[in-house]
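Written out below as structure tokens is the structure these notes cover.
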């Protein structure tokens, strides 16, 4: 007998028929003698509908009321999944985030989990029930409903798996697992059997849409091993866990492409202490997340700063930076939106040389120009023209022989 | 400055535009210097949609999960109304039933309110906020979400008005108030300025759809004076309160028609102690509410029992009664669905004679045959052919000169 936490995303519980299928899968797993805790998202589309309704009422709804509103999406699903299980003769009980003992800080729409009290869940598991928990939500010390922000349901599942000492945590989604590249772009992409937290984190921050970094970080911090797999079939997925020795045999584990970035160039600024700080302080004050940063200095003490920001934030970035230009010596600002960031990720890089050279040669052979390069211990990222993103991904995938994994 | 509890029904908050109108009305009342607590229902149609989705998942959803599901309808509305008020610059905060301190017993789908702790509401009112409370719902001692059953939002408003010591309780609906008869049937029907709890109760149990008896009973018990009025205009409505002396000048206050009853006849049963008890025990065990009851005894010790049940329960009644027929001496069962119950209500009946005679004469003049008669202290009800319901209502309305109020 194992204790399993399962998370089903919005597509997996998208309508009544899908909910029934999920219930069948839960029953199947329970009939094998397991204790099951299920975390569900809102039905696909419901959260966007609610946001649209809120915006129709007032253009800038308060975050506290948004949480009150959005939390009903998951509350609907938990009740329907519990009912579907009852229909199959499986004892089940639904829990809101608050009822599940998920306590957060007071920040609305992006609350952080502060503590989990799994006593009620433990009691119902012992009574033989399947426990269905609303993902994405919690309650603060004042009893206010909070939501955890994007990817919140994954986080709920992983955060529950730790105090429940779950043997398995399964993240069900609409893809079969983590691939060496996006299979829609690179036809020869392979599903990975295992991947380390760090690689998964780098892939997540590199545009791979499987999971948000935040949930992976939480899993790494608390040592929660989880599996990413599909709710549409019974194939095994990808297991995400601490780095293990044999993983290092493979240098590169995956290629990711992020087309949602824009490149910002602040040129002709004085190369003196504090210039870069002023630029990035202005962006931080505007809550803009800056990704790749490169600075180069010309011979007459004039520097250029280049970095990427989310494409949705380009207008905000321009507004934030314009007042700073004078302070840093009268620089110029240029924003390029038509870029893509390509990353190759692998823990094996730590001990293998030549990865950068292989990547650059592959891109050169494919006639793809590199505009910007940054590296971390287990990742190399380059900014290229968006029009070449797919060509470049296929070239990199082939160069590291990922299709032969 | 007055403290006002206002309740808006599902039609009043049916869509984004209606919600904005409700917010304007609340702002109008608050700008006059009043403290406002608002109770809202789910948007019209939402509850039925949710029920349909539940039934599509499983034909007999559990009551606990139905409460988990249905409570989201009101939770959506409170958030949207609070947002709409924010949009008008009015400080406002939404509360679920549990957050509002509404504690119920453990019965799901028809919970009874056991206690209200208005401390949080008091605090927010003192802070100058409008407090928006989800109607129809509460929380039990175990922290489970419960719902109060039909008419639950009216009950929430009236139940909150008592501990909050509200100066006014306004029940906003889609009609202008309580009428002497259904204005769609009796064109000359007049809106009543005031009506006593007892009259309102008799009207409610006689098919007038304005409010459920339960809320009126609660108001009577705790002396909560409330006003039934329209959210679609600013006309004064009908004030419901304890009987006052001058009310007695008017003998009959209203005529109500209920077409949702069926007549059940159990004939040829032995007239001995226990026969009727067996019949009504069987119906009670099947949770069927019996309304008018008449028994007559023939000369050879053979009795007939006639009574009415809700039309939706006729099949259940048949199933419940068939096994009992033998036990009561081999009686026969007949069910007539094409009936209507017409009632005239008025506290003045207590001190005036001749009301029954006037009613029966009016019906005779209109060629309406009476099948069954029952009376209470302040009501006379008759069962007639459903085809004559409108004619009979108009005749009774005219006979008691209700159009001249």
Requested in this report: Among the numbered conditions (1) on the phi < 0 side of the Ramachandran plot; (2) more than 24 Å from the chain's Cα centre (by Cα); (3) at pLDDT below 85, tell me where residue B:265 comes up short.
Outcome: (3)
Query - Residue in the stretch A:189-231 that is nearest to residue A:344 (Cα to Cα), counting only those that are surrounded by fewer than 16 Cβ atoms within 10 Å (Cβ to Cβ) and at pLDDT 90 or above - result: A:193
Query raised in the report: Being in contact (Cβ under 8 Å) with a residue 40 or more places away in the chain, within 24 Å of residue A:113 (Cα to Cα) and crowded, with 18+ Cβ neighbours inside 10 Å, is that true of even one residue in the stretch A:174-188?
Result: no
Report summary line: A careful count of residues in the stretch A:321-332 that are surrounded by 13 or more Cβ atoms within 10 Å (Cβ to Cβ) and in contact with a strand residue (DSSP E or B) (Cβ under 6 Å, 6 or more places away or on another chain) gives 4
Requested in this report: Inspect the stretch B:66-86 for any residue being within 7 Å of chain A (Cβ to nearest Cβ), free of Cβ contacts under 8 Å to residues at least 12 places away in the same chain and in contact with a strand residue (DSSP E or B) (Cβ under 9 Å, 6 or more places away or on another chain) and give the result as yes or no.
Outcome: yes
Query raised in the report: touching a strand residue (DSSP E or B) at 6+ places or on another chain (Cβ under 8 Å), farther than 26 Å from residue A:198 by Cα and free of Cβ contacts under 8 Å to residues at least 24 places away in the same chain, is that true of residue A:318?
Result: yes
Query raised in the report: Exactly one of (1) in contact with a strand residue (DSSP E or B) (Cβ under 6 Å, 6 or more places away or on another chain); (2) over 27 Å from residue A:80 (Cα atoms); (3) within 12 Å of another protein chain (Cβ to nearest Cβ) is unmet by residue B:125. Its number?
Result: (3)
Query - Criterion violated by residue A:11 - all others in (1) buried (at least 20 other Cβ atoms within 10 Å of the Cβ); (2) in contact with a helix residue (DSSP H, G or I) (Cβ under 8 Å, 6 or more places away or on another chain); (3) more than 14 Å from every other protein chain (Cβ to nearest Cβ) satisfied - result: (1)
Report summary line: Restricting attention to the stretch A:32-58, the residues that are more than 8 Å from chain B (Cβ to nearest Cβ) and part of a loop (DSSP other than H, G, I, E, B) number exactly 8
Report task. Examine the stretch A:97-111 for a residue that is surrounded by 24 or more Cβ atoms within 10 Å (Cβ to Cβ) and either farther than 18 Å from residue B:144 by Cα or at pLDDT below 95 (or both), and state whether such a residue exists. Result -> yes
Query raised in the report: Which of the residues belonging to the stretch B:21-31 are away from chain A (no Cβ under 14 Å) and either within 17 Å of residue B:10 (Cα to Cα) or surrounded by 17 or more Cβ atoms within 10 Å (Cβ to Cβ) (or both)?
Result: B:25, B:29, B:30
Report task. Report yes if residue B:217 is out of contact with any strand residue (DSSP E or B) (no Cβ under 9 Å at 6 or more places or on another chain) and over 30 Å from residue B:301 (Cα atoms), otherwise no. Result -> yes
Requested in this report: Go through (1) closer than 19 Å to residue B:100 by Cβ; (2) in contact (Cβ under 8 Å) with a residue 60 or more places away in the chain; (3) in contact with a helix residue (DSSP H, G or I) (Cβ under 7 Å, 6 or more places away or on another chain) and name the single condition residue B:30 misses.
Outcome: (3)
Requested in this report: Go through (1) out of contact with any helix residue (DSSP H, G or I) (no Cβ under 9 Å at 6 or more places or on another chain); (2) surrounded by 16 or more Cβ atoms within 10 Å (Cβ to Cβ) one by one and return the number of the condition residue A:343 breaks.
Outcome: (1)
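The values are calculated or read from the model by the stated rules, or taken from the named source; none is laboratory data. Owing to the predicted nature of the structure, the values given are computational and were not obtained by experimental measurement. Every residue, glycine among them, receives a Cβ derived from its backbone with ideal geometry; neighbour counts consider all protein chains shown.
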